[in-house]
Amino acid sequence: MMSADRTETSLSKTINVDLGERSYPIHIGSGQICYADVGQYVLGKKALIVTNETIAPLYLDILLGQLSDKHVDQVILKDGEQFKTLDHLNLILTQLIEKHHDRKTTLIALGGGVIGDMTGFAAACYQRGVAFIQIPTTLLAQVDSSVGGKTAVNHPLGKNMIGAFYQPQAVIIDINSLKTLPDREFFAGMAEVIKYGLISDYGFFQWLERNTASLLHRDEKALAYAIEHSCLNKAKIVSADETEQGIRAILNLGHTFGHAIETFQQYTGFLHGEAVAVGMVMAAELSRISGGVSQQDVDRARALIIAFSLPIAPPEAMQADDFMRLMVRDKKVLDGQLRLVLLERLGSAVVSADFRLQWLEEVLVKACQN
Ligand code: NAD
Ligand code: GLY
C-alpha cells in the first residue's frame with residue numbers, strides 16, 4: 001500500500017445533484033483532502049469527523065488541517081461492515097451529546113461506504129437532522145454510496161434495514177485517496193462502476209471494455225473519467241427519483257441477490273461490491289431467460305466483471321433455498337411480491353415482477369452449483 005500523497009491540485013470537476021432546495025455539488029479531483037475548502041460547507045462553529053481505525057492514520061490530520069478555525073471533534077470507529085450497526089451508530093450520537101453539539105453542527109464522513117452510511121444516518125437522526133458532508137475514500141463510496149442520500153445501518157436479519165433518505169451538503173472526492181486503497185477494495189468498487197454501464201449507459205460500458213487495462217493500472221485520467229461518468233449517471237437517476245418510488249430502483253441491479261449473500265455471510269467474507277458482482281451475473285442470467293439480453297450480452301457482462309478480478313459465483317455453502325429465504329426480505333418486495341432489476345439490453349434496466357418463479361429458481365440452482 002502506498003502512503004497518502006499530499007501534493008496535488010485544487011478542485012477540477014463539479015457535478016450537481018439537482019434536488020431543489022436539497023441540491024448539492026459533487027467535487028471531483030486530486031488532492032481535495034489537502035486543498036479543498038471543506039470548511040466552506042461547515043456553516044457553524046463545530047464539526048464532528050467520523051472515520052475509522054484504518055483511515056484515520058492516513059487522512060485525518062490532513063482534513064483537520066483544513067478545519068483549524070473550527071472546533072472539531074472526532075469519532076474513530078472499528079473498521080468493517082460488521083460494525084455497521086445500531087450499537088456503533090450510538091457511539092456517534094453519544095459523542096455528539098457528550099461534546100454538546102447543537103443543531104448547527106456538521107458531521108463529516110471520512111471513509112468508505114460504511115462510514116458514509118452510518119454518518120449520514122447519525123446526521124439524519126441527531127436533533128432531528130443536522131448537516132453532513134461526504135468525503136468518500138473508497139472507489140465504491142466515490143461512485144455510489146456518497147451520492148444520493150441513502151443512509152443506513154444493518155440489522156442481523158437484513159442489510160441496510162434501518163435508515164433514512166438524507167442528503168449531504170456536499171460530496172468531496174479526492175481521486176488521490178484511491179492510491180492507498182487495497183486492490184480487493186478497488187475491484188469491489190469497480191462492480192458498481194460496471195453497474196452504471198449495464199443499467200443506463202451502454203457507451204460507458206463499451207468505454208469500460210476498452211479501458212480495462214488503464215483502470216487496472218489506476219491511471220488517474222481513466223479513474224477520473226470512470227468516477228465522473230458514474231456520478232453523472234447516479235446524479236441523473238437520483239434527481240429523477242430521490243426516494244426510490246420508481247426508476248431509482250434500477251441502481252440496485254444485482255443487489256437483491258448480493259444482499260442475500262451478505263446477510264448469509266453475516267457481513268463477512270464477501271465485500272459488498274463482490275456480492276453485487278455475483279448478483280449482477282445472476283440478474284443478467286435471469287434477464288436472458290426472461291427474454292431481455294442475449295447470451296452474448298450476458299457473456300460480455302460476465303467477462304468485464306471477471307476482468308476486474310470479481311467473483312461470479314455465490315459462497316460455496318449457499319443454496320438456492322438460502323437465496324429465496326433471504327431475498328423475500330428485500331426492500332423492493334411490495335405486497336409480498338418479489339421485484340428484481342432486469343436488463344432489457346446492455347445499458348437499459350427495468351424493475352420487474354414479470355418473471356416466472358421457476359426461471360428464478362433455475363438461475364439460483366445453476367449459480368449454486370458453480
Ligand atoms: P468500507 O467502507 O468497508 O471500506 C472498505 C475498506 O477500505 C475498509 O477497510 C476501509 O477502512 C478501507 N479504506 C477506505 N478508504 C481507504 C483508503 N483510501 N485507503 C485505504 N483503505 C481505505 O466499504 P465500501 O466498499 O466503501 O462501502 C460498502 C458499504 O457501502 C456497504 O455497507 C454498502 O451497503 C454501502 N453502500 C451504500 C450505498 C448507498 O447508496 N448509501 C451504495 C452502495 C453501497
Ligand atoms: N445504491 C443504490 C441507490 O443509491 O439507490
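The values are calculated or read from the model by the stated rules, or taken from the named source; none is laboratory data. Computed from a predicted structure; not experimentally measured. All Cβ positions, even for glycine, are placed from backbone atoms using ideal geometry, and neighbour counts span all protein chains on display. The area values use the complete protein model at the heavy-atom level, side chains included, leaving out ligands, DNA and RNA. Shrake-Rupley method; radii C 1.70, N 1.55, O 1.52, S 1.80 Å.
Of all the listed residues (G336, G258, G269), the sole one being under 24 Å from S200 (Cα atoms) and of a type outside the set (A, V, I, L, M, F, W, C) is G258.
For region 244-261, the condition of being touching a residue at least 12 places away in the same chain (Cβ under 8 Å), open to solvent by 10 Å² or more (accessible area, probe 1.4 Å) and within 17 Å of E362 (Cα to Cα) holds for none of the residues. Residue pairs whose Cβ atoms lie under 7 Å apart, separated by 6 or more positions or on different chains, with the first residue in region 200-213 and more than 20 Å from V341 (Cβ to Cβ) and the second among the aliphatic types (A, V, I, L, M), are E209/L304; N211/A222; T212/A307. With respect to the conditions (1) more than 12 Å from ligand 1 (Cβ to nearest atom); (2) under 15 Å from the mean Cα position of the chain (by Cα), A222 lacks only one, and its number is (2). Remark: pairs (first residue in region 344-366, farther than 24 Å from S200 by Cα; second residue of a type in the set (D, E, K, R) and in a helix (DSSP H, G or I); Cβ separation under 8 Å; 6+ apart in sequence or on different chains) = K366/E285. Residues in region 269-288 that are open to solvent by 10 Å² or more (accessible area, probe 1.4 Å) and either of a type outside the set (D, E, K, R) or more than 18 Å from the chain's Cα centre (by Cα) (or both) were compared, and the one that is farthest from A301 (Cα to Cα) is G269.
Does region 239-249 hold any residues that are outside any loop (DSSP other than H, G, I, E, B) and near ligand 2 (Cβ under 9 Å from one of its atoms), and which are they? Those that are outside any loop (DSSP other than H, G, I, E, B) and near ligand 2 (Cβ under 9 Å from one of its atoms): R248, A249. Of the helices (runs of 4 or more DSSP H) lying entirely inside region 251-370, those containing at least 3 residues that are at pLDDT below 95 and among the aliphatic types (A, V, I, L, M) are 320-327. Selection of region 53-90 for residues being in a loop (DSSP other than H, G, I, E, B), within 12 Å of ligand 1 (Cβ to nearest atom) and open to solvent by 30 Å² or more (accessible area, probe 1.4 Å) yields E53, T54, K78, D79, T85. When residues in region 64-94 are screened for being in contact (Cβ under 8 Å) with a residue 60 or more places away in the chain and either farther than 27 Å from G163 by Cα or among the acidic types (D, E) (or both), 1 of them pass.
Residues in region 125-160 that are more than 11 Å from ligand 1 (Cβ to nearest atom) and farther than 30 Å from G31 by Cβ: C125, Y126, Q127, R128, G129, H155, P156, L157, G158.
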